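S.K.: Structure in structure tokens, see below.
The values are calculated or read from the model by the stated rules, or taken from the named source; none is laboratory data. Just so it is clear, the model here is predicted, and its values are computed rather than measured. Cβ placement follows ideal geometry from the backbone for every residue including glycine, while neighbour counts extend to all protein chains displayed.
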Amino acid sequence: MLALATTTSLSLLDTADLRRPPSSIPIALALTARPVATAWSKNHLLLASGKLVQAYTDNTLNTIFTAEEAISHMACSQTSLVLASGSKISVVDPDALQLTQSLESHKTPITSLSLNNDVLASTSAAAVHLHDLSSGKQTSLRGLALAGQTISTCTFHPHTPNKLLVAIGRKLVVYDTTRPSAPSKSIPMNDAATGEIVSITCSPFSATLVAVATSGGHVGLVDLNKEQALFRTLNLKVGITCASFSPDGASVYLGTETGKLLVLDLRTLDKTPKSVSVGSGARIEVLAVQKKAKAPAAAEPKPSTTSSSRVAPAKNAASLRAPSTTSSNLSPLRKPSALSPRPSVKKPIADSPKVSARQPVSSRTVSSSRSVTTTTRKPSVASTLGVSESISVAARRPSSSSASSASSVPTFQTAGAKAKSQRVASRTPSPELPSIHAPTTPVVVGKAWAPESPERPAEDFVKSKSKAKTVNFEKMEEDKENERERSLSMQISPRRPSSTVSAAAGNNWAPSPLRNVVPGSPAGNSTAHELLRGIVRDVMDDFQTEQRAQMVGLHLDTLKMGRELGRELKSIREDMRLLREENQRLREENELLRRGY
């Protein structure tokens, strides 16, 4: 929301409507006194005029505070309301609307105020003071190069709280409030710019972009990080009274002396700013843009009971307790026709007794009746070994014993299963490892005829056929025997020592295949070994030859250097001898000259 206060009226407009500006902005409320400052608080719009601070609500102005003197400037934050009257500063609690502090540090009238949390910056014509409202400390900025100019306004940078921007004549000065001894940067306006700086506004999104407006109608765009900070100056040819960035940072709103609002689009600086008439055309005194409220952080959705109880599948899924009474390893539902009673199907093994003549004991059975209440099943070999019946098929490991064929039959459990089986399902099954003393080859339970073998008596075949289905495993046994023969045929016997070597050495032994062969030992002079020794010998000979050649070269170089040094020493000694003779002659001549000859 944008609030515009002219000399005689107050106007409000949504900033979204200024993307396509209307021709004029209507008057929201007529004013009886000239406004000097306006600001958005956390609840409403504040307007200062004369000695009154008024709040705009429901197209009316309600007085919330009355000062002792006429108010010249106002600054507002979430915790404080600061008013300037002449050279005096008053700090008001915005909730209780009571005066909490009174500051009188300036000797001349105050020209501007800027508030950043608990730090207040106030300027007069020749001084800048920093006030810590929480502790009561006060600091003065030093190093102000006034040069006959006055301080017109100041503002804190919204992205860097310790950075204060001060306008001195036509120059923008940047101060670091933690080092108030001297300014960190000084940015003069263009020579073509006229008038003093009347407004400084910072971009809400860019940490370095600043717009500076002068009373002569010039707008300067400044990048605080660049060495040549002032990168663009625009001449709008109309007097400017106030300026502010739009909430999205794409435009700059400029209030003019002619009562028009200029919308300067930063994307199209080459085009003329859009002009909007405000009210009756009176001078725009102040404007204030309501900042975008920060969206509250989205609350994290609480996990529901269903989602919290759901467990991702993992390797140890069998160790987790099932959330429902139905076991997790139930087989899918079958058609109603498949629910009719049928005899138990048992996978016979070749080494078991006759299927028809003996009741199955060591295999799992599936109950023929699927009643909802209970499901009967007979003990199996897998259960006697301690393996839980609720283990999934994917977790079962085939065993070499007869229990593997029994565990391959799927098990079925219903909602009426006993609580004991539910408790077993919640435990992590521990695999039963074979004992080190148990034989590796499975023990044969017994011999039996193949169900459909031609050598089996016919009467036994008729009896077994009347009781259960039979399957011929004779072909399967033949395949297993053939596979075993192939595996045995691939085995390689260990190397036997040759008779000649054994007779010569007198020892009937052979070296281990994993042991390195020692030269000279039996069966040690192999072709590969001789080839490797030849390669190593050649490499070592080449290396020694190369090293010998290098040593000879170094020796020759040393001898050559020695000869050269000897010749140089001889020439030096000759030069020294000549110098001595010349010095001797000079001494004699000097002696003759001293005697007067």
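S.K.: Are there any pairs, at least 6 apart or on different chains, whose C-beta atoms fall under 6 Å, with the first in segment 1-16 and in contact (Cβ under 8 Å) with a residue 40 or more places away in the chain and the second buried (at least 19 other Cβ atoms within 10 Å of the Cβ) and among the polar types (S, T, N, Q), and if so, which?
M.R.: Correct list of pairs: 3/38; 4/11; 5/38; 15/246.
S.K.: Right, something else. Could you check how many residues of segment 239-262 are over 15 Å from residue 3 (Cβ atoms) and assigned to a loop (DSSP other than H, G, I, E, B)?
M.R.: Adding up the residues that qualify gives 7.
S.K.: What residue, among those in segment 513-548 that are of a type in the set (Gly, Ala, Ser) and surrounded by 10 or more Cβ atoms within 10 Å (Cβ to Cβ), is modelled with the highest pLDDT?
M.R.: In this case the residue turns out to be 534.
S.K.: Answer yes or no as to whether residue 277 is closer than 26 Å to residue 49 by Cβ, in contact (Cβ under 8 Å) with a residue 60 or more places away in the chain and surrounded by fewer than 21 Cβ atoms within 10 Å (Cβ to Cβ).
M.R.: Criteria met by residue 277.
S.K.: Report, by residue number, each residue of segment 204-238 that is among the aliphatic types (A, V, I, L, M) and within 15 Å of residue 165 (Cα to Cα).
M.R.: The answer is 207, 209, 210, 211, 212, 213, 221, 222, 224, 229, 230.
S.K.: May I pose another question? From the list 85, 72, 41, 80, which residue is farther than 24 Å from residue 2 by Cα and either surrounded by 14 or more Cβ atoms within 10 Å (Cβ to Cβ) or out of contact with any Pro (no Cβ under 8 Å at 6 or more places or on another chain) (or both)?
M.R.: That would be 85, the only listed residue that is farther than 24 Å from residue 2 by Cα and either surrounded by 14 or more Cβ atoms within 10 Å (Cβ to Cβ) or out of contact with any Pro (no Cβ under 8 Å at 6 or more places or on another chain) (or both).
S.K.: Could you run through segment 135-179 and say how many residues are crowded, with 19+ Cβ neighbours inside 10 Å, of a type in the set (Val, Ile, Thr) and farther than 20 Å from residue 225 by Cβ?
M.R.: 3
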